[in-house]
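Read the figures in this text as sums done on the coordinates, not as results from a lab. Remember, predicted model here, so these are calculated numbers, not experimental data. With ideal geometry, Cβ positions are generated from the backbone for all residues, glycine too; neighbour counts draw on all protein chains shown.
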Amino acid sequence: MKKNQWKTAAPTYLIFVLFALIWLLPIGTAFVKSFQINGIGNYQYVLSYDKISYFRVVFNSMFIAVGTAVLVTLITTLAAFAFSKMEFFGGCFTAQSLHALRFRWPL
């Protein structure tokens, strides 16, 4: 990256890092709080519990997550195709604005 480009792109990257830290803060807080009451004993108890099949728990979670991702992708793809064929007020302005913004912000 050239020196000129770095000066213009630095605020954008700083904002991205700030948002990433804000997004990670609750996850980090939950992780730290999980060790405060009984330490690692909580995790040992849960993982050594005989009545739960963790393979089944992970399979159920993956089944729901993959199914949801496929369904959302399918629906949004069909909606995007429909919107691309529709003519609506401001459509040309919106496309030109997005095209102009693409060349304005160096990432």
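Annotations
- Each of Phe59, Phe89 has some number of other Cβ atoms within 10 Å of its Cβ, and from fewest to most they run Phe89, Phe59.
- Whole-Hz Karplus values for region 23-32 come out as 5, 7, 4, x, 5, x, 5, 4, 5, 5 Hz, taken residue by residue from phi with 6.51 cos²θ - 1.76 cosθ + 1.60 and θ = phi - 60°; glycine and proline positions read x.
- Computed label-point distance, nm, for sites Gln5 and Ala20 using a 7 Å Cα→Cβ extension: 1.9
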